[in-house]
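Quick notes on the structure that follows.
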Amino acid sequence: MAEEKIDGVTDGADEALEASFEAELEQVKAERDEFRDRFMRTLADAENSRKRSERDRREAEHYGGTKLARDMLPVYDSLKRALDHVTDEQRTTSAAFIEGVELTLRELRNIFSKHGITVISPAVGDTFDPQIHQAMFEAPVPNVAAGGIIQVMGEGFMIHDRLLRPAQVGVSSTPASKVQ
């Protein structure tokens, strides 16, 4: 009978110990799942940060010079305007000076090209595109469809796939029904 009591106590103690182990095991599994979840979230955050940093680096590389490029556009405009207003007489009397201005403008274009800056040069008769053109005025012009470019006042510029400055144009406002 003593053995039975001991066995009964032992059986009860084993069950209590086993229940304690079960509870502790469940607690450890819950902690493991929580740590796994936190680890996966941290890993995802790290991957997102890496991708964001890579994108920011690429953008800085491509578009980091945008402010400087915008500041250089008036220099380009001034050189181009100067060359556009040179007379034939000035070309013969000041050939070396004019050649120097032409070479400077060419070098500036080469630098722009090297850094992904392209010139937007619309022509009279092209269709107005609000994505790359800025309408400076509208005027009715006979035999020109509405939305056609009738005058170009300034070239525009793109830096890679972004607009740096729109081309400045005059646009026809003639209704299409009046165009012959």
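The values are calculated or read from the model by the stated rules, or taken from the named source; none is laboratory data. Just so you know, these numbers come straight off a predicted model, no measurement behind them. As a convention, Cβ positions derive from the backbone with ideal geometry for all residues, glycine included, and neighbour counts pool all protein chains shown. Just the protein is used for accessible areas: all its heavy atoms, side chains included, with ligands, DNA and RNA removed. Shrake-Rupley method; radii C 1.70, N 1.55, O 1.52, S 1.80 Å.
When Pro175 is tested against the conditions (1) more than 22 Å from Ala69 (Cα to Cα); (2) at pLDDT 95 or above, the lone failure is (2).
Closer than 19 Å to Leu164 by Cα, open to solvent by less than 70 Å² (accessible area, probe 1.4 Å) and out of contact with any strand residue (DSSP E or B) (no Cβ under 6 Å at 6 or more places or on another chain): does that describe Ala60?
Numbers: closer than 19 Å to Leu164 by Cα: yes; open to solvent by less than 70 Å² (accessible area, probe 1.4 Å): yes; out of contact with any strand residue (DSSP E or B) (no Cβ under 6 Å at 6 or more places or on another chain): yes.
Answer is yes for this residue.
Among residues of segment 45-67 that are more than 12 Å from Ile159 (Cβ to Cβ), none has a Cβ under 8 angstrom from a residue that is open to solvent by 80 Å² or more (accessible area, probe 1.4 Å) and not aromatic (Phe, Trp, Tyr) at a sequence gap of 6+ or on a separate chain.
Considering only residues that are more than 28 Å from the chain's Cα centre (by Cα) and surrounded by 15 or more Cβ atoms within 10 Å (Cβ to Cβ), look in segment 125-144 and name the one that is modelled with the highest pLDDT. Applying the filter and picking the extreme gives Glu138. For Ala44, indicate whether it is at pLDDT 95 or above, of a type outside the set (D, E, K, R), in a helix (DSSP H, G or I) and open to solvent by less than 100 Å² (accessible area, probe 1.4 Å). Yes, satisfied. If you check Thr104, Thr118 for being surrounded by 12 or more Cβ atoms within 10 Å (Cβ to Cβ), in contact with a helix residue (DSSP H, G or I) (Cβ under 7 Å, 6 or more places away or on another chain) and of a type outside the set (Asp, Glu), only one passes: Thr104.
If I go through segment 153-167 residue by residue, how many of them are open to solvent by 60 Å² or more (accessible area, probe 1.4 Å) and part of a strand (DSSP E or B)? Don't jump to the end; show me each part of the working.
Step one: list which residues in segment 153-167 are open to solvent by 60 Å² or more (accessible area, probe 1.4 Å), which gives 153, 160-163.
Remaining after also requiring part of a strand (DSSP E or B): 153, 162-163.
Here the count works out to 3.
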